[in-house]
Structure formats: structure tokens, C-alpha cells
Amino acid sequence: MMDGAGRISSWNRAAERILGYSEQEAVGKHIHSFLVPERYQVKAEQGMKAFVSTGEGDALGKTTELAAIRKDGSEIAVELSLAGALIGIEWQAIGILRDISERKAAEKTLHFANLLLTTEMEASPDGILVVDADRKIISFNKRFREIWNTQQTTLTAGEDVGVLAAGTELVKDPEKFSALVQHIYDHPADTSHDEFEMIDGRFIERYIVMLTTAAGEYLGRIWF
């Protein structure tokens, strides 16, 4: 908790654990110079002035992600929820702080993995299409569009029906093409490696693999 001047008036054990300061070290200190990184202090001061005079502010009544300074000088990612309380004639602030460092690190790792996957897909000489267990398109690369001369809107619509319809118009034996696709969907455990001729004289080699979790749950397919 903070008083109307922005000084810490109450500090629980979770705050000690997250930020490294004991209650004795924290109480009486100004919140902004104590915990707020320098680059955020001007905005924080402006917000505090508005809160003291009106009991309102942009950060109140919602959860905000920001950085806080620990006792050892390191910055950690935190999630802050603020509420105001009028005590006597003075507005005071109640803050609930959560350490989200592990979550942010996991998000960063996931972002990197997704970026790496996207880069690999776009660098591949193969056309790649990924569909989920409900036959919804979840990913594709530029090379896939080029091979099949498929409109971006057809792919981003998310349904594989449009893609298959466009494909049957480009192959010499559309019935065989459609039958092979249907067989794959009817037999999720199967893989497929086949070739077929296009009406423009090209020959396409197609390889299909199943996507599963480590436990073997079927997630969808990748078409190369």
C-alpha cells in the first residue's frame, strides 16, 4: 500500500520475496525512486499526481505489465493491479504485484521458436501446408502458393476445401488426386509419398506426414 505522497505504508511477505526488501527497508520509501526504473519515473510521477488529486488514473482498475527493481539492482517483469481507497480525506493506493519473469521468459522462447519455424518454412524450396485435426489451415509458406498458384485469400480463409478445389483444377487426374487426399484424411496414421502430373506439364512430388503430441495425440498433417 502507498499513501497519498507515494510512500510505501504497508509491505507484505510476498513483496519481500519478490523484490528482496524487508518490510522495515521498504516502509516509508517513495515507491517511484525505490522500485520504478528511471526510464518510467516521469510517467509514474504524473500518474501519482493525478491520482492524489482525483483518486483516478490510467493504471487503476486494470492489470499492467511493467518492470520493477529488486534489491540486488536487477529488473524483473511484474504484473501490477492497482486500486484506490479514500482513507479520511486522502487517496491511498493498493497494489497487487506478481512476478511474471518465468512467464515472460517462456513467451520469449516461444516467440523465438515461432520465428525460427517461420524462417525455415519460407527458406524451404518445398511448398508447405499445415492443417490441424479439423482440416483447418494453420500455416503455409510462399512456395506453396507459388506451386499451386493459390490466392492468399483462399489460404487465409482457413478451410482446406478451397485449396483442394483449386488443386483438382490443376492436375491431370483430379479423381485420383481427390481420392488420395480423402484416403489420407480417412486414415490418420498413414503417411503418403506420391507423384502426379499437372495440366501445365509439371510433375509434383507430394509427401504427407502426421503431426502428433509426444503422447501420440493426433494434431493434424503437414503436406510437403
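The values are calculated or read from the model by the stated rules, or taken from the named source; none is laboratory data. All values reported here derive from a predicted model rather than from experimental measurement. Cβ: placed from backbone, ideal geometry, glycine included. Neighbour counts: every protein chain shown. All accessible areas refer to the heavy atoms of the entire protein, side chains included, with ligands and DNA or RNA removed. Shrake-Rupley method; radii C 1.70, N 1.55, O 1.52, S 1.80 Å.
Could you tell me which numbered condition Ala189 fails, if it satisfies all but one of (1) farther than 20 Å from Trp148 by Cβ; (2) surrounded by 10 or more Cβ atoms within 10 Å (Cβ to Cβ)?
(2)
Filter segment 130-159 down to residues that are over 15 Å from Phe224 (Cα atoms) and assigned to a helix (DSSP H, G or I) and give me whichever is most open to solvent (accessible area, probe 1.4 Å).
Residue satisfying both the conditions and the ranking: Thr153.
For segment 28-37, enumerate the residues that are open to solvent by 70 Å² or more (accessible area, probe 1.4 Å) and in a loop (DSSP other than H, G, I, E, B).
Correct list: Lys29 only.
How many of the residues in segment 174-218 are in contact (Cβ under 8 Å) with a residue 40 or more places away in the chain, in a strand (DSSP E or B) and closer than 19 Å to Val163 by Cβ?
Final tally of qualifying residues: 2.
Give me the pairs: first residue in segment 20-46 and more than 16 Å from Leu82 (Cβ to Cβ) and among the polar types (S, T, N, Q), second residue open to solvent by less than 30 Å² (accessible area, probe 1.4 Å) and part of a helix (DSSP H, G or I), beta-carbon distance under 6 Å, and six or more apart or on different chains, which are they?
From segment 20-46, the pairs are Gln41/His32.
Residue-wise test of (1) closer than 19 Å to Ile204 by Cα; (2) acidic (Asp, Glu); (3) open to solvent by 60 Å² or more (accessible area, probe 1.4 Å).
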| position | (1), (2), (3) |
| --- | --- |
| Glu107 | no, yes, yes |
| Ala113 | no, no, no |
| Ser124 | yes, no, no |
| Leu164 | yes, no, no |
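Suppose the filter is aromatic (Phe, Trp, Tyr), assigned to a helix (DSSP H, G or I) and either in contact with a Leu (Cβ under 9 Å, 6 or more places away or on another chain) or within 16 Å of Ile69 (Cα to Cα) (or both); does Tyr40 pass it?
For Tyr40, the condition - aromatic (Phe, Trp, Tyr), assigned to a helix (DSSP H, G or I) and either in contact with a Leu (Cβ under 9 Å, 6 or more places away or on another chain) or within 16 Å of Ile69 (Cα to Cα) (or both) - is met.
Conditions (1) closer than 27 Å to Val209 by Cβ; (2) under 25 Å from the mean Cα position of the chain (by Cα); (3) at pLDDT 90 or above, marked per residue:
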position	(1), (2), (3)
Gly88	no, no, no
Thr109	yes, yes, yes
Thr156	yes, yes, no
Glu159	yes, yes, no
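So which residues in segment 162-197 are within 28 Å of Gly216 (Cβ to Cβ) and β-branched (Val, Ile, Thr)?
Those that are within 28 Å of Gly216 (Cβ to Cβ) and β-branched (Val, Ile, Thr): Val163, Val181, Ile184, Thr191.
Which count do you get for residues in segment 1-27 that are part of a helix (DSSP H, G or I) and exposed (fewer than 14 other Cβ atoms within 10 Å of the Cβ)?
5
Yes or no: segment 87-106 includes at least one residue that is assigned to a loop (DSSP other than H, G, I, E, B) and in contact with a Ser or Thr (Cβ under 9 Å, 6 or more places away or on another chain).
Checked against the condition, which is being assigned to a loop (DSSP other than H, G, I, E, B) and in contact with a Ser or Thr (Cβ under 9 Å, 6 or more places away or on another chain), segment 87-106 yields no hits at all.
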